[in-house]
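Working notes for the structure below.
The values are calculated or read from the model by the stated rules, or taken from the named source; none is laboratory data. Everything numeric in this text was worked out from a predicted model, so none of it was measured. Reconstructed Cβ throughout: ideal geometry from the backbone, glycine too, with neighbour counts over all protein chains shown.
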Amino acid sequence: MRFSGRELRDLTVAWLALGLAFTFFLDNGLATGLLRGEFPVGEAARTFVLSLLTVGVGFLLHELAHKVVAIRFGQVAEFRADYSMLALAVAAGLAGFLFAAPGAVYHGGRSITKRQNGLISLAGPVTNVLLVAAFFPLVFLDGLLGSVGGLGVVINALLAGFNMIPFGPLDGRKVLAWSKAVFAVSFAVCAGLAALALLGPGLAFG
């Protein structure tokens with residue numbers, strides 16, 4: 001699997017921008033501190049690393065999963081960042097809101113079937129579900145690892161659930177267009193995980 005220079009740049013910028021956006025969202029005291037001219041560097045660095053390891057990894061692997069499956073089906077596929085949306089995500093984080101539309105993997109080439117297109121789309125949410133399982137054991141640890149585990153579970157569960165909504169450009173719409181049965185099962189799993197993540201008290205921070 002090859003990456004162009006532009007794609008590597010876009011992935012890196014999107015990863016860092018999402019990390020920054022979620023840093024401000026998760027710790028809104030940082031934005032207040034900036035306004036007062038007081039910025040706790042140590043606290044900000046910890047939250048930034050936490051965001052990169054959870055939100056960033058969830059986003060990167062979600063998009064790369066789309067790319068891997070698309071290439072397997074003979075497509076040319078590359079990630080393109082949406083810089084205006086990334087700027088909006090950082091601004092939203094500063095304002096205490098959650099917004100993330102960093103870009104997408106675009107693919108094209110020879111004609112593909114609805115099944116293949118559905119599998120390309122399904123690869124992203126499935127990857128997030130697998131990441132939920134990977135992060136979950138860390139929830140029971142103390143300190144930074146526990147925080148990474150808790151936030152990793154919540155973020156990836158929400159990414160899976162959100163992307164399976166059958167609307168607009170989201171993955172769920174393409175999966176539904178391919179197979180109602182596959183959509184029903186995958187949506188139930190992803191939405192169920194998202195609901196559990198939202199209802200789990202204190203899970204995000206271990």
Which numbered condition in (1) surrounded by fewer than 24 Cβ atoms within 10 Å (Cβ to Cβ); (2) out of contact with any Cys (no Cβ under 8 Å at 6 or more places or on another chain) is the only one that L159 fails? (1)
Conditions: (1) buried (at least 22 other Cβ atoms within 10 Å of the Cβ); (2) within 21 Å of L53 (Cα to Cα). G118 meets all but one. Number of the miss? (2)
I155 vs (1) among the hydrophobic types (A, V, I, L, M, F, W, C); (2) touching a His at 6+ places or on another chain (Cβ under 7 Å); (3) under 22 Å from A89 (Cα atoms): all pass except (2)
Name every residue in the range 90-106 that is touching a strand residue (DSSP E or B) at 6+ places or on another chain (Cβ under 8 Å) and part of a loop (DSSP other than H, G, I, E, B), in order of residue number. P102
Check on A87, assigned to a helix (DSSP H, G or I), modelled with pLDDT of 90 or more and out of contact with any strand residue (DSSP E or B) (no Cβ under 8 Å at 6 or more places or on another chain): yes
Out of G103, G118, G152, I need the residue that is modelled with pLDDT under 90 and of a type outside the set (D, E, K, R). Which one? G103
When you scan the range 39-53, do you find a residue that is within 25 Å of P125 (Cβ to Cβ), among the polar types (S, T, N, Q) and modelled with pLDDT of 90 or more, even just one? no
Yes or no: F136 over 21 Å from A21 (Cβ atoms) and among the hydrophobic types (A, V, I, L, M, F, W, C)? yes
